[in-house]
1. If you check Ile111 against the conditions, is it of a type outside the set (Asp, Glu), over 21 Å from Pro157 (Cα atoms), in contact (Cβ under 8 Å) with a residue 12 or more places away in the chain and assigned by TED's automatic domain parsing to the domain that holds Val23?
2. Considering each of Gly85, Gly24, Gly33, Gly59 in turn, give the residue that is of a type outside the set (Phe, Trp, Tyr) and at pLDDT 95 or above.
3. Against the definition (surrounded by fewer than 19 Cβ atoms within 10 Å (Cβ to Cβ) and assigned to a helix (DSSP H, G or I)), how does Tyr51 come out, yes or no?
4. Confirm whether Gly5 is at pLDDT below 90, assigned to a loop (DSSP other than H, G, I, E, B) and surrounded by 14 or more Cβ atoms within 10 Å (Cβ to Cβ).
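The values are calculated or read from the model by the stated rules, or taken from the named source; none is laboratory data. Keep in mind that what you see is a predicted model, and the values were worked out from it rather than measured. Neighbour counts run over all protein chains shown; Cβ positions are idealised from the backbone, glycine included.
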Amino acid sequence: MGMAGAAGESNAAARERILEAAVGLFACRGYAGTTVSALCKQVGVAPTAIYWHFESKAGLFAAAVDRASERWLAQLTQACDVANGAGDRVRCMMQGFRTLVTSAAPDYTLIASCFVLPNGDEPVSCEVLDRIHRRSVEVVVQGLTGGVTVAGRECEPVAEMMLAMLDYMMRAFARVPDVDRLNQQLENLQEMVAAAVIHFANKPDGEVSAGRDLSGADGACPPADGTTGARPKVPVGGSRS
């Protein structure tokens, strides 16, 4: 048995509609400000459907955070997969980091509410957050190495450092949305990451031939915005609320 929503709708389709609506509401109103009744009204389901699919409001919130995080990581992976060499992959990751920090879209706002902007009432368990962190490390390592196993093991500490810096940049930007400062931080991070990956690629016993294309023709790492000029001005519609 299951708990569908609209007449003729499958359980899976009903769950998806509930989950997508939850991402938007939780991002906009926070956990405490989002009621089950408001969610049910928006989706057009009975409260029993929420509890059938997610057991509790807290379970729904954790699933929404998981969904938002996986969507961002999938975008990051897709961008790195089509990048032209290791240097371009690093640049794509910096662009993905910038989007997460500056965008007010529901996915990114929800991620921030759990990882760096907690109000004290978000009920996501350490297990869920740890799983998202581990998945983030995997995606960043994949982006750095292009999937080369040996380099992946060596680059894992670099990935951990990058995520720690991302956490810091999100906190700093939430306090003072200084775009120029953010751009400088991203440029500095990109240069550090590029130097680290070049080091691993050039080790005598390394197996990372793809990593040797990190530098451009002039030996400089490409700017974080993909141009050859000064730092970009990131359009920001205002701080998250």
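1. Numbers: of a type outside the set (Asp, Glu): yes; over 21 Å from Pro157 (Cα atoms): yes; in contact (Cβ under 8 Å) with a residue 12 or more places away in the chain: yes; assigned by TED's automatic domain parsing to the domain that holds Val23: no.
Against the criterion (of a type outside the set (Asp, Glu), over 21 Å from Pro157 (Cα atoms), in contact (Cβ under 8 Å) with a residue 12 or more places away in the chain and assigned by TED's automatic domain parsing to the domain that holds Val23), Ile111 does not qualify.
2. Working: Gly85 fails: at pLDDT 95 or above; Gly33 fails: at pLDDT 95 or above; Gly59 fails: at pLDDT 95 or above.
So the residue among Gly85, Gly24, Gly33, Gly59 that is of a type outside the set (Phe, Trp, Tyr) and at pLDDT 95 or above is Gly24.
3. Working: surrounded by fewer than 19 Cβ atoms within 10 Å (Cβ to Cβ): yes; assigned to a helix (DSSP H, G or I): yes.
For Tyr51, the condition - surrounded by fewer than 19 Cβ atoms within 10 Å (Cβ to Cβ) and assigned to a helix (DSSP H, G or I) - is met.
4. yes
Yes/no per residue for (1) assigned to a helix (DSSP H, G or I); (2) loosely packed, with under 15 Cβ neighbours inside 10 Å; (3) touching a residue at least 24 places away in the same chain (Cβ under 8 Å); (4) not assigned by TED's automatic domain parsing to the domain that holds Ala174:
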{"residue": "Ala27", "(1), (2), (3), (4)": "yes, no, yes, yes"}
{"residue": "Tyr31", "(1), (2), (3), (4)": "yes, no, yes, yes"}
{"residue": "Leu39", "(1), (2), (3), (4)": "yes, no, no, yes"}
{"residue": "Thr77", "(1), (2), (3), (4)": "yes, no, yes, no"}
{"residue": "Leu100", "(1), (2), (3), (4)": "yes, no, yes, no"}
